[in-house]
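Input: a single structure, listed below in structure tokens.
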Amino acid sequence: MNSMTGFGRGEASARGGLIRVTIRAVNHRYLDLSIRMPQYMLQHEAALRRQIGQSVSRGRLEIFVDAEMEAESSGARLNRALASAYAKAAREAGEQFGVAADLSAASLLMVPEMIVTEPGEEQEAQIGRLLEEAAAEALSELIQARREEGRGLEEDMLSRISALENLAHVLRSRTEQVIDAYRRRLEGRVRILMNGPVPDPDRLAQETALFADRCDITEELVRISSHLSQFRTRAAQSGPVGKHLDFVVQELNREFNTIGSKCQDSTMSAAVIEAKAEIEKIREQIQNVE
């Protein structure tokens, strides 16, 4: 079991260049990647996304790529979109505030990333190799961090699963006591109403059986036992298990709700309330599980 939160950092270097990759991960229903890298490296973004997708299945990941490469390029070009945006902003400022829009070409070229250098083929290949290596190291550190936090989540949830199991035992034993107590109360009331005569044993047994049928929770307890077993089995598996565990907990909540609607006893009602509180805590923790 892995958590969805974690942090990883990696770097790779070779003659002429150094690339660092930093990954921060938080909870998310699906895999959501946000990648920031120098513009001249954008053609490697798709490969980086594939590499991350092979190791991570859920979570929002913020990936920061920083590079220090020697100035070995096959050419340079103007970032026309950025230049156009700056020129437009200058014109609007001049019109709004009544000042001269004297944005010169020299000052425009001093804007960061206004001039885009284009690496040569050899350097481009080197960038790809270093990026993959740095990302692999960052992913390894991230996965290890997620795994360690996942162990803590697993221990906490399994302790609550054991608590649910104990509460199910309480409900099972209490049901038998409640039925027996109902039979005794019914017999006593009939004796009072009939002023002494012994109630008809067959009629008394029939009424007790009807009551037992209305508050019978055997099926719910069997399903609860099955769900608890499924939870333990899934939690012990490697890989993404969060969605399946969430489904199992939903089913547990459904069964305890049904038992609550059948409860004819304050002790059983209290056990159901305690069980639902434990389930809610488990559901909160599952939101952190990959």
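Here are the numbers for this structure:
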quantity: Probe 1.4 Å - accessible area at residue 88, Å² to nearest ten; calculated: 110 Å²
quantity: Largest-first ordering by accessible area, 1.4 Å probe, given options 44, 28; calculated: 28, 44
quantity: Cα gyration tensor shape for the range 246-290, rounded if a/c is under 1.5, else prolate or oblate; calculated: oblate
quantity: Sparse-neighbour loop sites [chymotrypsin sites (Phe, Trp or Tyr not before Pro); the range 2-58; at most 13 other C-beta within 10 Å; DSSP]; calculated: 30
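The values are calculated or read from the model by the stated rules, or taken from the named source; none is laboratory data. Just so we're clear, the structure is a prediction, and the values are computed from it rather than from any experiment. Glycine gets a Cβ as well: all are built from the backbone with ideal geometry, and neighbour counts include every protein chain shown. Heads up: the accessible areas ignore ligands, DNA and RNA and are worked out on the full protein's heavy atoms, side chains in. Shrake-Rupley method; radii C 1.70, N 1.55, O 1.52, S 1.80 Å.
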